[in-house]
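Notes follow once the structure below has been shown.
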Amino acid sequence: MPPVKGRGPDPADILLIDDDILVQVMVEDIVTQLGHRFHAAGDGDSAREALLRTGFDLVILDRRLPDTDGLLLAPLLQQDRKIPFIVFSSLDAPTDQVLGLGMGASDYVGKPVEPAVLRARIQARLSARRAPEEQTTFRLGGSLRLDTLSRRLWVADRLEVLSPAEARLLICLIRNLGKPRDRMQISMTICGREWVYGDRTIDVLVSRLRRRLKGSDVHITTVHGLGYVLTVGD
């Protein structure tokens, strides 16, 4: 099915890595209705071939492929152009989501899902791809500097390289310096989805960031009954 014309000047190439025919049909309908180009691969080997052959703007991948765990493709996706990818899988426990986001996923969507929800997630990722960076470097306190493009964080003379999810969380907190953010606000900002009670993804990311911020005068403080706030000072 050819892309629908008139939906924008810059159609994207979107690759689905999933061996489920029904999922392929659903995602193809969504992608083509949005006016973009749809591609599909049913296993890890064919996905690798497609990724080496074509420059994609977004990848949607399942964890349960016939020959591999889809997350093992993450290093290939992160090379060179750092292709954003959405994990779309029935493996969607909080620990699975933490793993996927920690390996660079832009979003993690559990199966089954309403097509309208997946459509919104795809649109959000493509909008983020087109959105220009408002600011690429942040400096806080007397010892911290963050480069958002490379995800490099300097704490005094120590260099930390953040995961994409850690970087998004830190940027979210920096842009709301001194203002508490609850888990729902943080989840919508960094994951593009609503926070669900019992989901520990944000707490795990906060714990990781706190370790990386040791030695600086920048702190992530827990606001009991609400969420987290970034502060500067002793």
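Amide H of F88 versus every other amide H placed in the peptide plane: which residues, excluding those fewer than 5 positions away on the same chain, fall under 5 Å?
Amide H neighbours of F88: L61, D62, R63, V109.
Along the charge dipole of the chain, Cβ charges K/R +1 and D/E -1, which of S90, G70, C191 sits furthest on the positive end?
C191
Taking H placed 1.01 Å from N in the peptide plane, check which residues at least 5 places from T68 or on another chain put their amide H under 5 Å from its amide H.
For T68, the qualifying residues are G44.
Given Cβ point charges of +1 (Lys, Arg) and -1 (Asp, Glu) and nothing else, what value in debye, to the nearest 20, does the dipole of segment 81-217 about its Cα centre take? Kindly include the intermediate steps, with their values, before the conclusion.
Numbers: 25 positive and 15 negative charges, 68 e Å.
Roughly 320 debye for segment 81-217.
Work out, step by step, the length gained on full extension between L22 and K179: first 0.36 nm times the residue separation, then minus their alpha carbon distance; give nm to one decimal.
On the way: separation 157, 0.36 × 157 = 56.52 nm, distance 4.44 nm.
Extending this stretch completely gives an extra 52.1 nm.
Taking a point 7 angstrom from the Cα of T231 along the C-beta vector, which residues in segment 202-219 have backbone N less than 20 Å away?
Only 203, 206-219 fall inside the zone, counting backbone N under 20 Å.
Quote the relative contact order of the chain in percent (integer), defining contacts as alpha-carbon pairs under 8 Å separated by 6+ residues. All intermediate terms of the calculation are to be shown ahead of the outcome.
On the way: 384 pairs, mean separation 31.6, N = 234.
Averaging sequence separation for qualifying contacts and normalising by length gives 14 percent for the chain.
Can you give the longest run of the chain that contains no GluC sites (Glu not before Pro) sitting in a DSSP loop with at most 16 other Cβ atoms inside 10 Å? Don't skip to the end; give the middle numbers.
Numbers: sites that count: E133, E134, E194.
With GluC sites (Glu not before Pro) excluded where exposed in loops, the chain gives 1-132 as its longest stretch.
Can you tell me the length gained on complete extension of the stretch Q123 to K111, counting 0.36 nm per residue apart and subtracting the Cα distance?
On the way: separation 12, 0.36 × 12 = 4.32 nm, distance 1.81 nm.
Answer, rounded to one decimal: 2.5 nm.
Taking Cα centroids, how far is segment 10-31 from segment 150-187 in Å?
32
Can you run phi through the Karplus equation (6.51, -1.76, 1.60; θ = phi - 60°) for segment 154-163 and list ³J(HN,Hα) in whole Hz, with x for Gly and Pro?
9, 10, 6, 9, 9, 9, 10, 10, 7, 6
For segment 145-200, give the magnitude of the charge dipole about the Cα centre (Cβ charges: +1 Lys/Arg, -1 Asp/Glu; no others), in debye to the nearest 20.
Roughly 100 debye for segment 145-200.
Quick one: pull the percent of accessible area on the chain belonging to carbon and sulfur, 1.4 Å probe, ligands and nucleic acids left out.
On the way: 6050 of 11660 Å².
Carbon and sulfur: 52 percent of the exposed surface of the chain.
Quick one: accessible area per residue over the chain, 1.4 Å probe, rounded to a whole number of Å²?
On the way: 11660 Å² over 234 residues.
In whole numbers, the chain has 50 Å² accessible per residue.
How long is the gain from H219 to L149 if the chain were fully straight, where each residue apart is worth 0.36 nm and the alpha carbon distance is subtracted?
Values: separation 70, 0.36 × 70 = 25.20 nm, distance 2.21 nm.
Extending this stretch completely gives an extra 23.0 nm.
The values are calculated or read from the model by the stated rules, or taken from the named source; none is laboratory data. Remember, it's a predicted structure, so these values are computed and weren't measured experimentally. As a convention, Cβ positions derive from the backbone with ideal geometry for all residues, glycine included, and neighbour counts pool all protein chains shown. SASA here: full protein model, heavy atoms, side chains in, ligands and nucleic acids out. Shrake-Rupley method; radii C 1.70, N 1.55, O 1.52, S 1.80 Å.
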